[in-house]
Amino acid sequence: MRALRIAIIGDYTEGKHTHIALNAAIDHARPHLNFAIEAPWIDTTSIATVESLKQYDGLWIAPGSPYKNDGAVYSTIRWARENNIPVFGTCGGFQYMIVEYAKNILSIRDAGHEESEPGAQQLVISKLSCSLKGKPEEVIIRDKQSWLYRVLQKDIITGHFNCNYGVNPAFAEQLQQGALAFTAFSLQGEVRALELKNHRFFKGTLFQPPLDSTPERPNALIMDFFYTISR
């Protein structure tokens, strides 16, 4: 069996602890998989067209927004969504998945991200009421039919975060139209995870699973992402 190829979409920064953790989490998973995996980082400035990504079996939209080329990230997410290509978004990736969906499915044309587009009229991603930079937080999995619950089999988990932005509560209800579902929340009811119910694998978490992974216990969500792609 050939190696599984996953493109890590993001601008790798040497010394950035979340990027180091992402690479380490993939290494944690390798000995527990029955197939080989290749996971190169693809700098967003190198994505001229999404055609260059066809060689990959799945995509991981990495933390580290705003990206050097936000447009390429949005185009990549849209391409994966429209073509049923497995895509996992964590932290910034989760946030950009929401903006892309708002623009292209819900027709919120001026949907934007407060960090990179502070002048946008419809800030579907806005500054969190309380920063989660380098903080853990209890996350409630409300949707018992969700991917999160199926994999983790828990009502409450500890999420590990490194962000200041999330879903604007003013848009939370409007965003859950069609197949998009918010599946996990903070104790205060703020969105922490999403999934597209009619897609092979279109999942996102504001928390970062790599920050909860060890060689002895690779993160279960990352493992399931890899196994889903392999099938």
Here the gain from full extension of residue 84 to residue 174, 0.36 nm per residue of separation minus their alpha-carbon distance, amounts to 30.1 nm
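Taking Cα pairs under 8 Å and at least six residues apart, what relative contact order does the stretch 178-217 come out at, in percent? Could the numbers behind the result be given before it?
Values: 46 pairs, mean separation 11.2, N = 40.
Averaging sequence separation for qualifying contacts and normalising by length gives 28 percent for the stretch 178-217.
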Considering only 152, 180, 206, give the residue with the highest GNM mean-square fluctuation for the chain, with springs between Cα atoms whenever their separation is below 10 Å.
152
For a test of the definition: using alpha carbon positions, the gyration tensor, and the 1.5 limit on a/c, classify the stretch 36-86 as rounded, prolate or oblate.
oblate
Of the listed peptides 137-143, 50-56, what is their order by residue-averaged count of other C-beta atoms within 10 Å, with the highest listed first?
137-143, 50-56
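Going by a ≥ b ≥ c, the root eigenvalues of the Cα gyration tensor, does the stretch 108-198 fall in the rounded group (a/c under 1.5), the prolate group (a/b larger than b/c) or the oblate group?
Details: a/c = 2.54, a/b = 1.31, b/c = 1.93.
The shape class here is oblate.
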Once you place label points 7 Å from the Cα toward the Cβ at residue 230 and residue 14, how far apart are they in nm?
3.2 nm
Within the accessible area of the chain, what % is carbon and sulfur when the probe is 1.4 Å and the other protein chains stay in place?
47 percent
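Given a Förster distance of 45 Å, report the FRET efficiency between residue 156 and residue 54 from their Cβ-Cβ distance, rounded to the nearest 0.05. If you can, show how the numbers build up before the last one.
Working: r = 40 Å, r/R0 = 0.88.
So, using R0 = 45 Å, E works out to roughly 0.70.
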Grab the DSSP H runs of the chain that are 4 residues or longer, score each as -39,500 (n - 2.57), total them, divide by all residues and round the 222 nm result to the nearest 500 deg cm²/dmol.
-7500 deg cm²/dmol
With θ taken as phi - 60° and the coefficients 6.51, -1.76 and 1.60, list the Karplus ³J(HN,Hα) couplings across the stretch 142-151 in order, rounded to whole Hz; mark glycine and proline as x.
7, 8, 7, 9, 7, 4, 4, 5, 4, 7
In this model, which of 16/197; 54/133; 103/135; 135/203; 54/144; 133/197 are farther than 26 Å apart at the alpha-carbon?
16/197; 54/133; 103/135; 54/144; 133/197
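Nothing charged except the Cβ atoms of Lys and Arg (+1) and of Asp and Glu (-1): what's the magnitude of the dipole of the stretch 97-231 about its Cα centre? Round to the nearest 20 debye. Could the numbers behind the result be given before it?
Working: 15 positive and 15 negative charges, 77 e Å.
Using only the charged Cβ atoms, the result is roughly 360 debye.
Between rounded, prolate and oblate, where does the chain land on the alpha carbon gyration tensor, with a ≥ b ≥ c its root eigenvalues, rounded for a/c under 1.5, else prolate if a/b exceeds b/c? Before the final figure, lay out each step's value.
Values: a/c = 1.41, a/b = 1.17, b/c = 1.20.
Cα axes put the chain in the rounded bin.
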Within the chain: Cβ-based charge dipole about Cα centre, in debye rounded to nearest 20 (Lys, Arg +1; Asp, Glu -1)
520 debye
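Charges only on Cβ, +1 for Lys and Arg, -1 for Asp and Glu: so what's the dipole of the stretch 6-120 about the Cα centre, in debye to the nearest 20?
On the way: 8 positive and 14 negative charges, 45 e Å.
Charge dipole of the stretch 6-120: 220 debye, to the nearest 20.
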Please list, in chain and number order, the residues 5+ apart from residue 206 or on another chain whose amide H is under 5 Å from its amide H, with Hs placed from the backbone.
91, 193
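The values are calculated or read from the model by the stated rules, or taken from the named source; none is laboratory data. These figures come from a predicted structure and were not determined experimentally. Note that we place each Cβ from the backbone using ideal geometry, even for glycine, and neighbour counts take in every protein chain shown. Note: accessible area is taken over every heavy atom of the protein model, side chains too, but ligands, DNA and RNA are not part of it. Shrake-Rupley method; radii C 1.70, N 1.55, O 1.52, S 1.80 Å.
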